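In what follows, a structure is listed as C-alpha cells, so that the remarks can point back to it.
The values are calculated or read from the model by the stated rules, or taken from the named source; none is laboratory data. Remember, it's a predicted structure, so these values are computed and weren't measured experimentally. As a convention, Cβ positions derive from the backbone with ideal geometry for all residues, glycine included, and neighbour counts pool all protein chains shown. Just so you know, the surface numbers come from the protein's heavy atoms only, side chains and all, with ligands and any DNA or RNA stripped out. Shrake-Rupley method; radii C 1.70, N 1.55, O 1.52, S 1.80 Å.
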Amino acid sequence: MDREGLSSPPGTENSGTGTLGKALSVLEIVVTSDRPLRFSEILALSDQPRGTLHRQLSHLVEEGLLVQGRDLCYEPGLRLLKFAYRSWSKNQFRAVAAPHLRKLHEETGETVHLGVLRGTEIIYVDKVESRQTVRMESQIGNASPVYCTGLGKAALSVLPQDRLAETLGKLTFHRFTANTHLSVASLKRDLDEARLRGYAFDREEHETEIRCVAAPIHDAGFDLVAGISVTGPAYRVTMEQLEIWAHPVRQAAMAIGEDVEVRLGPGR
C-alpha cells in the first residue's frame with residue numbers, strides 16, 4: 001500500500017524511463033484508478049518530481065487524454081474512448097474468437113471471457129455476459145494479475161520456459177482472497193497441474209465466491225498468448241461443474257487457435 005492509502009496499479013512499476021514512457025505511466029495511473037485522482041494522489045503513486053508531473057499532466061489534458069474537473073481531480077479523457085473503440089473494433093483476434101465465445105456461452109449459460117497476456121497481466125478483450133440474474137462485473141479493457149486468474153494461469157502454462165521464468169521473476173504478489181497464490185513456488189505447482197490437464201482453475205483466488213475454468217490459446221511463435229474461460233459465482237458453479245465444462249472450454253480454445261493460424265497467420 002502506498003502513501004495516502006493508494007495502491008499502485010499493476011504494470012506501472014518501472015514503466016519506461018523516457019519522456020513518453022513516463023507520460024504513459026502517469027496516464028495508466030489515472031486510467032486504472034477506480035475514481036478520479038487529485039494531483040497529490042498521482043504524485044504519491046508516481047516516481048516523478050512535482051514539476052515534471054505537473055507538466056506531463058498538463059500535456060495529457062491538452063491532448064484530450066485526460067480531463068481535469070472542477071474539483072481539480074483528473075480522469076480519463078474522451079480521446080481515449082476513441083482510441084479504445086478503434087482498437088477494439090479492429091481487433092482481428094477478437095473477431096476470429098467471437099463465434100467460439102458465443103457457442104461456449106450457449107453451452108454453459110455463464111459468462112465467457114477472452115483475454116490476452118500482456119506482461120504480468122491478462123487484458124480482457126471480449127466477453128459474453130451470463131444469462132443469469134447474478135452476473136460478473138468484469139469489463140472489456142480491464143486488466144487482472146496472471147497469478148490469481150484462470151485466464152492468467154492458463155496463458156502462463158503454455159509459455160516457453162525462458163519466457164515463463166522471465167514473467168515469474170517480474171511478479172509482485174498481493175493477497176486478494178484467502179486462496180490467492182503468494183509465492184512463485186505455489187504458483188508453479190498450480191501451473192504444472194494446468195499444463196498436464198490443458199486447463200486452469202480460478203478457485204476464488206481473485207474474487208471471493210467467483211470461480212472459473214480457462215484454457216490457453218497461442219499461435220505457433222507465441223506472439224499471441226491468450227485464453228478463454230467460463231466464469232460464475234461459487235454458489236451456482238461448483239468445482240465439479242467446472243470440471244465438466246473444462247472439455248468444451250478446451251475445444252473452444254483449440255478451435256480459436258486453429259482459426260488464428262488460418263486467418264491471421266503469416267502472409268494473411
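Can GLY169 be described as touching a strand residue (DSSP E or B) at 6+ places or on another chain (Cβ under 6 Å) and more than 22 Å from ASP34 (Cβ to Cβ)?
The answer is no for GLY169.
Every residue, every condition in (1) over 19 Å from THR167 (Cα atoms); (2) in contact with a helix residue (DSSP H, G or I) (Cβ under 9 Å, 6 or more places away or on another chain); (3) open to solvent by 10 Å² or more (accessible area, probe 1.4 Å); (4) not in a strand (DSSP E or B), yes or no:
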{"position": "PHE201", "(1), (2), (3), (4)": "yes, yes, no, no"}
{"position": "THR208", "(1), (2), (3), (4)": "yes, no, yes, yes"}
{"position": "PHE222", "(1), (2), (3), (4)": "no, yes, yes, yes"}
{"position": "ILE228", "(1), (2), (3), (4)": "yes, yes, no, no"}
{"position": "GLY232", "(1), (2), (3), (4)": "yes, yes, no, no"}
{"position": "ARG236", "(1), (2), (3), (4)": "yes, no, yes, yes"}
{"position": "TRP245", "(1), (2), (3), (4)": "yes, yes, yes, yes"}
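Specify which of the listed residues (GLY21, GLY77, GLY5) is modelled with pLDDT under 90, open to solvent by less than 40 Å² (accessible area, probe 1.4 Å) and within 28 Å of THR172 (Cα to Cα).
Exactly one residue qualifies, and that residue is GLY21.
Give the residue, chosen from ARG55, ARG50, ARG38, that is open to solvent by 40 Å² or more (accessible area, probe 1.4 Å), closer than 27 Å to GLN139 by Cα and of a type in the set (D, E, K, R).
It is ARG38.
Could you pull out the residue among TYR124, TYR147 that is in contact with a strand residue (DSSP E or B) (Cβ under 7 Å, 6 or more places away or on another chain) and among the aromatic types (Phe, Trp, Tyr)?
TYR124
Could you check the stretch 213-268 and list, in sequence order, the residues that are of a type in the set (A, V, I, L, M, F, W, C) and over 17 Å from HIS105 (Cα atoms)?
ILE217, ALA220, PHE222, LEU224, VAL225, ALA226, ALA234, MET239, VAL260, VAL262, LEU264
Of the numbered conditions (1) over 17 Å from the mean Cα position of the chain (by Cα); (2) assigned to a loop (DSSP other than H, G, I, E, B), ALA185 satisfies every one except a single condition; which is it?
(2)
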